[in-house]
1. Pairs please, first residue from segment 158-172 and free of Cβ contacts under 8 Å to residues at least 40 places away in the same chain, second anywhere and polar (S, T, N, Q), Cβ atoms under 6 Å, 6+ apart in sequence or on different chains.
2. What do you reckon, is Met178 more than 29 Å from Phe65 (Cα to Cα) and either within 11 Å of the ligand (Cβ to nearest atom) or buried (at least 20 other Cβ atoms within 10 Å of the Cβ) (or both)?
3. Scan segment 209-255 residue by residue and report those that are part of a loop (DSSP other than H, G, I, E, B) and either of a type in the set (D, E, K, R) or free of Cβ contacts under 8 Å to residues at least 24 places away in the same chain (or both).
4. Which members of segment 57-82 meet the condition of being within 8 Å of the ligand (Cβ to nearest atom) and under 17 Å from Asn104 (Cβ atoms)?
5. Could you tell me whether Glu176 is among the charged types (D, E, K, R), more than 28 Å from Asp87 (Cβ to Cβ) and in contact (Cβ under 8 Å) with a residue 24 or more places away in the chain?
6. Filter segment 232-273 down to the residues that are surrounded by fewer than 14 Cβ atoms within 10 Å (Cβ to Cβ) and at pLDDT below 95, then identify the one that is farthest from the ligand (Cβ to nearest atom).
Amino acid sequence: MEITPEIKEKIDKLNNKFASMGQDINSYLDGLLFADYLTYWDYINLDVLLNLQQPKTSIPDERIFIIYHQITELYFKLCLNEFELLDENSKSLENIKERLRRVNRYFEALTKSFEIMIDGMAPEQFLQFRMSLLPASGFQSAQYRKIEICSAEMNNLVVKKHRGDFSENPDLQEIEKMFEIIYWKYGATELGTGKKTLTLKQFEQKYEKELLGLAKEKRHTNVAYIYKNLSEVEQKDQSLIDEMRLLDLNVNVKWPLMHYKSAVRYLQKDPADIAATGGTNWQKYLPPRFQMRMFFPYLWSEEEIENWGKKGV
Ligand code: HEM
């Protein structure tokens, strides 16, 4: 083979790269000689991925339930990747819009595919295997909570009755106070007594510190804060406003409505309802029209807020 000037140039560059770190190019060329070709299955870690499903029962549809939750968590991870790219140094209008477009795309895929849960499992099978999974619940998804923390300011994540009680520019102590009454602390509570369920207690035990840490860290890099600190002209950018409104709808209305539909389908009509959900307040807690969770309330008209989570919004 002829050593063309292009090849020579690449070898020189490689040599410089290794030399700059005190490394000998010869050893690395030996390494290349013996290295295997990369395969698809190794690259995406396929064997590990396909072995991550460990059903707790032999009921066939439980596999659908596990895999769909795993798919959802991977989409949540894609969303968080995008929020990570919204940091102190990358608050340009174009960057914000591109990040939001991607997150919206992921949520739209999730909302559309939620039919796999609503229609794609036999209800009698669901009600059987669900009992073997107690007290675990999707409620314990930390990535879902992180998406909210990355999107909104904390004063819009507290439980509805306390929204408006806190300043828009909180210090770290105020963030802690708001975190105490973040809306989800009022979910997964016992229907009769209002006490925290084990589901909620275990979730807090495992993730509270981490989520509070993230809330503090994201204080000035959540989407809402970044938006408010854009110039007046930029704040009026219609395509940015559209993406933000879409994010609000996707995360706080469209996905929750599909999710609620699945809870209603499997849990509401069944007499074992109370037992199957661990006896929680989900019917009062889950519907978006009760939670009224909104990342960017100032981007919605009074009428739109009035109709939040109802048909047509
Ligand atoms: C048949 C399917 C499903 C049913 C019947 C169902 C049922 C429920 C119920 C009853 C709750 C309220 C919490 C509680 O009372 O324990 C809940 C919360 C939740 N579930 Fe599911 N779920 C389903 C699928 C999923 C999937 C696929 C995910 C994806 C990760 C998920 C994520 C969540 C989240 C994030 C919450 C908390 C929502 C909030 O705080 O507003 N669920 N689910």
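The values are calculated or read from the model by the stated rules, or taken from the named source; none is laboratory data. Predicted model only: the values in this text are computed from it and were never measured. So basically every Cβ, Gly included, is an ideal-geometry build from the backbone, and we count neighbours across all protein chains shown.
1. As it stands, the answer is Phe166/Asn155, since those pairs meet every condition given.
2. Yes.
3. Here is the first cut: in segment 209-255, the residues part of a loop (DSSP other than H, G, I, E, B) are 221-222, 229-231, 236-237.
Correct list: Ser231, Lys236, Asp237.
4. Once the filter is applied, which keeps residues that are within 8 Å of the ligand (Cβ to nearest atom) and under 17 Å from Asn104 (Cβ atoms), segment 57-82 yields Thr72, Phe76.
5. no
6. My answer is Pro271.
Table: residues versus (1) of a type in the set (D, E, K, R); (2) in a loop (DSSP other than H, G, I, E, B).
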| residue | (1), (2) |
| --- | --- |
| Lys112 | yes, no |
| Ile116 | no, no |
| Met121 | no, yes |
| Glu148 | yes, no |
| Glu168 | yes, yes |
| Gln173 | no, no |
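Yes/no matrix, rows are residues, columns are (1) buried (at least 20 other Cβ atoms within 10 Å of the Cβ); (2) not in a helix (DSSP H, G or I):
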site: Glu88; (1), (2): no, yes
site: Ile96; (1), (2): yes, no
site: Arg99; (1), (2): yes, no
site: Val103; (1), (2): yes, no
site: Glu124; (1), (2): no, no
site: Met131; (1), (2): no, no
site: Phe139; (1), (2): yes, no
site: Tyr144; (1), (2): no, no
site: Gly164; (1), (2): no, yes
